[in-house]
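Here the structure is laid out as structure tokens; the discussion comes afterwards.
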Amino acid sequence: MASSLQKLLDNNRTWAQNMEVLRPGFFKHLAQQQSPKYLWIGCSDSRVPANEITGLDPGEVFVHRNVANVVVHSDLNALSVIQFAVEQLKVEHIMVVGHYGCSGVMAATRGTRIGLADNWLRHVQDVRFRHRKRLDHLQEHALEDAMCEMNVIEQVGNVAESNVMQDAWMRGQSISVHGWIYGLKDGLLKDLEVSVTASDMVGPVLSRAYKRYPQQTSTE
Ligand code: CO
């Protein structure tokens, strides 16, 4: 145990030394301030690290991650991150980033009990219930992929409807919210084209996005 952790500390020393050689003064400069342009709201999954997959350095992206990249209006943690990013750091883009094969979304979709997180994942089950006419007829894999995408779309809506974002747009701040999804199998990010750049765009953007999943009139 100790030796596996020691390896991480050794890796860190090597990394810091290499960075200083490649870019002298990198840490000294960063220690004085951060000015990221992006807020990344993603899943905690270890396979979806924000900086690595976007090629961004320390200091370039502010990050919030939780199980299944959910943004709930009563979650003071997520809301505090969003407020700090928007009002203090003045980020220009917020991206909600889901990923295919998300264990949290799959557990919510299948109704699998996993423990305390069941309560958290109720929010994802709510997404499925709200859009059941568009989703329930899909076969297993198609349903899971659609749920991963639909969950991102819903969370983009939640971010955009938050008072932090509404106030920012009211003030005339230039900031947009985007929905992306990451493929674990190919390492590629896909833009779900649900970008919201103004308060009155939320409804139209979401309505257009939902149309990707045609409603089945035969199901309740
Ligand atoms: Co996940």
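Restricted to segment 88-105, and to residues there that are more than 15 Å from the chain's Cα centre (by Cα) and open to solvent by 40 Å² or more (accessible area, probe 1.4 Å), the residue that is nearest to Asn158 (Cα to Cα) is Glu92.
Could you pull out the residue among Ala31, Ala85, Ala78, Ala108 that is over 15 Å from the mean Cα position of the chain (by Cα) and open to solvent by less than 20 Å² (accessible area, probe 1.4 Å)? Every option except Ala108 fails the conditions.
In this entry, Arg113 passes the filter for residues that are open to solvent by 60 Å² or more (accessible area, probe 1.4 Å) and either away from the ligand (no atom under 16 Å from the Cβ) or not acidic (Asp, Glu) (or both). Across segment 41-67, the number of residues qualifying as touching a helix residue (DSSP H, G or I) at 6+ places or on another chain (Cβ under 9 Å) and over 19 Å from Gly101 (Cβ atoms) comes to 9.
Only one entry of Val70, Val124 meets the criterion of being in contact with a His (Cβ under 8 Å, 6 or more places away or on another chain) and either touching a residue at least 24 places away in the same chain (Cβ under 8 Å) or more than 14 Å from the ligand (Cβ to nearest atom) (or both), and that entry is Val70.
Ser4 meets the conditions (1) open to solvent by 40 Å² or more (accessible area, probe 1.4 Å); (2) more than 16 Å from the ligand (Cβ to nearest atom); (3) modelled with pLDDT of 95 or more in every case but one. The failed one is (3).
Inside segment 19-65, can you point out the residues that are assigned to a strand (DSSP E or B) and either free of Cβ contacts under 8 Å to residues at least 24 places away in the same chain or more than 16 Å from the ligand (Cβ to nearest atom) (or both)? Selection gives Tyr38, Leu39, Val61, Phe62.
The values are calculated or read from the model by the stated rules, or taken from the named source; none is laboratory data. Here the structure is a predicted model, which is why all the values come from computation and not from measurement. Virtual Cβ from ideal backbone geometry, glycine too; neighbours counted across all protein chains shown. Surface areas here come from the heavy atoms of the whole protein model, side chains and all, with no ligands, DNA or RNA. Shrake-Rupley method; radii C 1.70, N 1.55, O 1.52, S 1.80 Å.
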